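**Student:** Structure in structure tokens, see below.
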Amino acid sequence: MDVCKGRADGCMGCCGAADIIKGLFLDECGGHAQPYHYHADLRCEYTVGGGHSRATGVGLDGAIIYGKYESGTTLPTDLDLCNGHTGPVPADAEYALAASSGAGVYHYHMTDAFPHTIGCFGP
């Protein structure tokens, strides 16, 4: 939970991002707690450059969630309302995923805009 300096109610919309005290509750990646979850930028879950962003989690529908980049520093341009699309994905040893072939698979991407991860469940 973010706390806003000088605001007893912690209203983030009432003060600028520079006035939010994150060190009290959130780690350097913007998350906390068990199960671990995020409240801020997911910068620790992806790197800029290279190919497709790596897998960062699995949605309750079983589709994989990837960082925000489709290729290198290119953002996907065809995301649906759920922040997902069908396309090729890389292999990922942590999630025991093989690289997709052909048309690819439906998967989600993190975005800089709300809802940042999954907005709904895709097809």
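Laboratory data are not the source of any read-out in this text; all were calculated from the coordinates shown. Predicted, not measured: the structure shown is a model, and the values here were computed from it. Ideal geometry is used to build each Cβ from the backbone, glycine not excepted, and the neighbour counts take in all protein chains shown.
**Student:** Label points 7 Å out from Cα along the Cβ direction at Cys120 and Val58: separation in nm?
**Tutor:** 2.5 nm
**Student:** Kindly write out, for segment 69-74 in residue order, the coupling ³J(HN,Hα) from the Karplus curve 6.51 cos²θ - 1.76 cosθ + 1.60 (θ = phi - 60°), rounded to whole Hz, with x marking Gly and Pro.
**Tutor:** Listing the rounded values in order: 9, 7, 7, x, 10, 8 Hz.
**Student:** Evaluate E = 1/(1 + (r/R0)^6) for Gln34 and Glu94, where r is the Cβ-Cβ distance and R0 equals 22 Å; express this FRET efficiency to the nearest 0.05.
**Tutor:** Efficiency at R0 = 22 Å is approximately 0.70.
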